Structure formats: structure tokens, C-alpha cells
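The values are calculated or read from the model by the stated rules, or taken from the named source; none is laboratory data. As the structure is a computational prediction, the values presented were derived from the model and not from experiment. In this analysis, Cβ positions are derived from the backbone assuming ideal geometry, glycine residues included, and neighbour counts consider all displayed protein chains. Heavy atoms of the whole protein, side chains included, go into the accessibility calculation; ligands, DNA and RNA do not. Shrake-Rupley method; radii C 1.70, N 1.55, O 1.52, S 1.80 Å.
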Amino acid sequence: MATQDTFYSSSLFLLLFLFFGFLFFSGEASLKKYQFDIQVKNVSRLCHAKPIVTVNGMFPGPTVYVREGDRVLINVTNYAQYNMSIHWHGLKQFRNGWADGPAYITQCPIKTGHSYTYDFKVTGQRGTLWWHAHIFWLRATVYGAIVIMPKQGTPFPFPQPHREFNIVLGEWWNTDVEKEVTKGNKLGLPPRASDAHTINGKPGPLFPCSEKHTYVVEVEQGKTYLLRIINAALNDELFFAIAGHNMTIVEIDAVYTKPFTTEALLIAPGQTTNVLVQTNQIPSRYFMASRPFMDVPLTIDNKTATAILQYKGIPNTVIPSLPHLPAPNDTTFGLNYTTKLKSLNSPQFPANVPLNVDRNLFYTIGLGMNQCPTCQNGTQLTASLNNITFVMPKIGLLQSHYFNINGVFRTDFPDRPATPFNYTGAPLTANLGTSLGTRLSKISYNSTVELVLQDTNLLTVESHPFHLHGYNFFVVGTGIGNFNPAKDPAKYNLVDPPERNTVGVPTGGWTAIRFRADNPGVWFMHCHLELHTSWGLKTAFLVEDGQGPDQSILPPPKDLPPC
């Protein structure tokens, strides 16, 4: 009998061993759970204390660590006085727009005292992304990093770093951001610029009362470090550099790139950039610094945020040296830097650029002035695509599409502007009114799309970082001046163009992107300058379902917030 018991025990042990062994070897994919409590907390910066909206009382918020293939559940409970929604910026959310997060596009916001669980899978992506509030201007303080590790046993396609650090660039206002926006809207003008830029929520010692509000990275000499850099600023493209150290760019927007070395980088709001840094300098303290790029005469917060790269054993009394950053209006640096970005395009990480295009779209980006009886001057500044200022609906566009609710939006967004003109010629100051509407562009499932985004000189030219939800796209071409459909496509890079989710349209220029519409749903596309988005510089693509259930939108979750 004892022998039989021993046999059963051995068999059970073997089965358990095989079961857990199978889980270990086959299943690097696992379930990751996070709890995000939206809370108001008093925070002090620049000698000013004020209440800010946070996640779990943290500023910036917690980093979400996942692995490629994981399922992620993030329960968001809203204890703040504002409605809330969170966007997982750059995650493709296949067939699952319900987890994408932009308020009134894929969901209605989470009301005070309520919860919603974002439930999604991380499929075919690895690298650095980020999350942020996607309602009002709340992403001023509600943001954090997403780190997606490759599958178990899959190495980086670059030297394994000794350690890694997240570097999240942001902005700080001494006053209540939402009140500043309300004030600006009443005047029909932009709210005032931020009071400081920040690195991991801290402005650095060049600002008053900021010695203790300085982010410090301790490193050892002779090692290689990975910095995961995120631009979470609301309204500024930023330069970033480290005194005495070069950076090797290895990834942008969670896509590996052909490595190249640079003294400084340029990163637009919404973008991420991973760099390798070799600590091969004389042990000391070195400033990491960030300040805006702005090549038109607009009022911005042009101050420099700093953090410190400190070699081990060096005392805090050593004064760090500052890096050489490009001039704030150095357009040449920006253009040269962008042309160096190329997809890795290796057998393991190919660049599947659509070579044939089913649908050609041409969108002009413009500013305008609309009548506004409640505004101080009787007019308000506004922004548009193809002269259409987007009006936010009162119900999520995805719900209204999925449940066939009529009257919420139209699908007649024009493929090109109604009236062509010399887009980047002398500043145009006549007929600047725009038409208002909730108008979407309907795209056939699995069709290939080329979209040319053209800046215009309506009031002024300006650079614009555009983000497309639900997709990555290939940046096949860019240029200054007016896009020439007869000549410019011949210069496209269709071999190894950079693959991104957010792209900068250069000041007075154009950018051409391509993507395959293989993700059904309603997907927001907007300028990632919060000012311009709030002025209506946005639209959405309605990508139709394909043939079978695997090519159709998933049903909505039961806890989707009601409108």
C-alpha cells in the first residue's frame, strides 16, 4: 500500500513539475494587474505648493512594467473632482478600442467615485511607451512610463545595458492648469505658458527652491546604461543632452532603430526615445538638460530643466557642467536629426512598409479665428484639419459606431482640402473662419493608407506632432514648403523608414506617413500639443470590420463607463 501511495505521490509530483515547467517555458506571457487611484495631492515646486491630480499620490505616476505577450488589467478608481480617462499611448489595442482611453472617442470618462478596468494584451510590441490622462489638460500631472520587456530569452538587438533609467520630460505650472485654460478660453487666447520644464517631475537646481527637487542618476565608470526618454510635456518639443556624453539612439516609439550616435536629441510631445550612454568620462557630476525647440516667434516657456548624472563616489559638492544644447530655433539640427532615424529592418524586426497605396489622403493643418460672442475680443483662436475644426461629441464615438447610434458623427471628412492654395506662402489673414463638425474618415479594413500632413501659413507656420491611436505608421517622407505630388513621392524611403506612433510635421513643411488599416475601430488622430488639440486640431478614422470575428471589434466590457 505504501508503494502505491509512493507511486501516486511521485506521479502527482511529476505532473505538478511538468505543469509548472510548461508554464515557465511556454508562458512568459502572464497576467499583470495594477491599481490606479486618481487622487488630489498637495505638491510643492518652485516655492509654490498647490493641489495636483495624481495616480496613487505619485508625480509622475507609477511605471507600468509588462512583457511582450502579457495581458494587463489596470483598474482606475477616480477620487478626484474631475472626470478621468487614461490613454495607453502607443499600445495598438488590437480590435479593442474600449481600452484605448481618449474621452468621448473610445469611452465616456470615469466619473468621480467610479472605477473602470482597462483590459488589454500587449501583442507584437516591446520597448518604451507611456500613459497619460486623455481629458482636459489633466495630463499636465497625470502621466507615467510603460516599459515593455521582450519575450523571455529574446535579447535586445543592441548591447545589454548594465542598468536602465526612465527619463520623463514634463512641464510645471505654479497655478491651477485647468483654471488657466478656462481663463484663456474666455479671452479666446492661449493660456499662459508653463513656469518650468521638469525631468521626472523635478525642474532641477537652476530654478528657485529646487535643490531638493532634482533628479539624480548614480552611475559607475565604464558601464553602459539605457535611458528610456519620454516627452510628456503638453506643448513643447524638447532638446535633450548630457554634458560630456554622447548618446546612441536605439529605439523610438517602441520600435528598434539603426543605431546612431548624437550629442543631443529632439523629442516631440508623445514621442519616446531609448538611448545607450557609456560612462567613459572622468568621474564627476554632469547635467542632463532639456529645453524647448521653437523655430517661430511664439511665446513659450524657454527655461532649461536639469537632472544630474553622478559617478559613484563623487561628492554632491562638485558643481555639474552643463551640456551644449542646440539653439532654441535650430531648425537645421532638427531636420538633420530626423533624417538619421531609420527602422532597424532586420530579419527579426522587419519594416513592412506598404508599397502600394489604396487610399491617398492630404490634410492641411491650419489656425483660424472664429466668432465667439462670450470671448473678450469677440473672436477665438481655433485650429483645423482641411479647414474643419473638430467638435467633441457627448458620447463615445466607438459606442455610437458599435451600437449604430445615429446623429453623433458623420463619415464625410474630406480626403483633401476643398480649396487648394499656396499653403506655405505669405501669411494668410483673410477668410480664416473654419467649419465646425464631428466628421470622421471611413477606411476599409486592411486597406493601405498614405496620409500627407501639410502645415500652412494661416496666421503662422508652426511644427505639429501628430499622434495616431491604434496604429504605428511609417514616416516615408518629409520636406519643407508645399508637398509636390508629382515629384516628392520619388524621394520616399520605402526600405527602412522610421516606424512611429507620433510624428513631427516640420514648421512650414509636410510629412507623409503610411499604414495598413488592419485594426478595426474608431481611432483618434490629433496634434499632441494640448493647446492645438483643445482648439480642434483633431479627427478620427473609422476603420471598418473585416470578414470574420477575428477581424471585427471586440464587444464592449461590462464596466465601460456610461455617458
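Structure notes:
- Checking each residue in the stretch 116-135 for being free of Cβ contacts under 8 Å to residues at least 60 places away in the same chain and not in a strand (DSSP E or B) picks out V122, T123, G124, H134, I135.
- Verdict on G470 being open to solvent by less than 20 Å² (accessible area, probe 1.4 Å), in a strand (DSSP E or B) and either modelled with pLDDT of 95 or more or of a type in the set (V, I, T) (or both): no
- Enumeration of residues in the stretch 202-218 that are within 28 Å of the chain's Cα centre (by Cα) and not polar (S, T, N, Q): K202, P203, G204, P205, L206, F207, H213, Y215, V216, V217, E218
- Qualifying residue in the stretch 534-550 (condition: modelled with pLDDT of 90 or more, in contact with a Cys (Cβ under 6 Å, 6 or more places away or on another chain) and not polar (S, T, N, Q)): yes
- Among the residues of the stretch 182-215, the one identified as surrounded by fewer than 21 Cβ atoms within 10 Å (Cβ to Cβ), more than 24 Å from T533 (Cα to Cα) and basic (K, R) is K212.
- The set of residues in the stretch 85-115 that are in a strand (DSSP E or B) and open to solvent by 10 Å² or more (accessible area, probe 1.4 Å) contains only S115.
Condition check ((1) surrounded by 14 or more Cβ atoms within 10 Å (Cβ to Cβ); (2) modelled with pLDDT of 95 or more) across all residues:
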position: N360; (1), (2): yes, yes
position: T364; (1), (2): yes, yes
position: N370; (1), (2): yes, no
position: P373; (1), (2): no, no
position: Q399; (1), (2): yes, yes
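- Once the stretch 239-260 is narrowed to residues that are aromatic (F, W, Y) and open to solvent by 10 Å² or more (accessible area, probe 1.4 Å), the residue that is farthest from L309 (Cα to Cα) is Y256.
- Given (1) under 25 Å from the mean Cα position of the chain (by Cα); (2) surrounded by 14 or more Cβ atoms within 10 Å (Cβ to Cβ), index of the condition K394 fails: (2)
- Y82 falls short on exactly one of the conditions (1) aromatic (F, W, Y); (2) open to solvent by less than 20 Å² (accessible area, probe 1.4 Å); (3) outside any strand (DSSP E or B), and that condition is (2).
- Qualifying residue in the stretch 376-385 (condition: among the hydroxyl-bearing types (S, T, Y), within 17 Å of L531 (Cα to Cα), at pLDDT below 90 and open to solvent by less than 70 Å² (accessible area, probe 1.4 Å)): yes
- Count - residues of the stretch 437-473 that are among the polar types (S, T, N, Q) and closer than 14 Å to G366 by Cα: 5
- Filter result for the condition that a residue is at pLDDT below 95 and either within 27 Å of P155 (Cβ to Cβ) or touching a Leu at 6+ places or on another chain (Cβ under 7 Å) (or both), over F25, F94: F25
- Qualifying positions in the stretch 497-530 - open to solvent by 10 Å² or more (accessible area, probe 1.4 Å) and within 30 Å of Q547 (Cβ to Cβ): E499, R500, R514, R516, D518
- Listed here are the strands (runs of 3 or more DSSP E) enclosed by the stretch 482-542 that have at least 2 residues being among the basic types (K, R) and either touching a strand residue (DSSP E or B) at 6+ places or on another chain (Cβ under 7 Å) or touching a residue at least 24 places away in the same chain (Cβ under 8 Å) (or both): 509-516.
- On inspection, V277 qualifies as open to solvent by less than 60 Å² (accessible area, probe 1.4 Å), under 21 Å from I167 (Cα atoms) and free of Cβ contacts under 8 Å to residues at least 60 places away in the same chain.
- Odd one out for R139, checked against (1) more than 20 Å from P60 (Cβ to Cβ); (2) among the basic types (K, R); (3) not in a loop (DSSP other than H, G, I, E, B): (1)
- Any chance T77 is touching a residue at least 24 places away in the same chain (Cβ under 8 Å), closer than 17 Å to C108 by Cβ and either in a strand (DSSP E or B) or touching a helix residue (DSSP H, G or I) at 6+ places or on another chain (Cβ under 8 Å) (or both): yes
- When residues in the stretch 282-303 are screened for being β-branched (V, I, T) and at pLDDT 95 or above, 1 of them pass.
- Any hit, the stretch 331-339, residues being closer than 26 Å to V503 by Cβ, of a type in the set (F, W, Y) and open to solvent by less than 20 Å² (accessible area, probe 1.4 Å): yes
- Selection count where residues are under 21 Å from N274 (Cβ atoms) and either among the acidic types (D, E) or not in a strand (DSSP E or B) (or both), scope the stretch 145-202: 16
- Within the stretch 349-356, the presence of at least one residue that is over 25 Å from P155 (Cβ atoms), open to solvent by 40 Å² or more (accessible area, probe 1.4 Å) and assigned to a loop (DSSP other than H, G, I, E, B) is confirmed.
- Filter result for Y118 (out of contact with any Ser or Thr (no Cβ under 8 Å at 6 or more places or on another chain), crowded, with 24+ Cβ neighbours inside 10 Å and not β-branched (V, I, T)): yes
- Considering only residues in the stretch 183-238 that are touching a helix residue (DSSP H, G or I) at 6+ places or on another chain (Cβ under 8 Å) and among the aliphatic types (A, V, I, L, M), the one that is nearest to Y311 (Cα to Cα) turns out to be A232.
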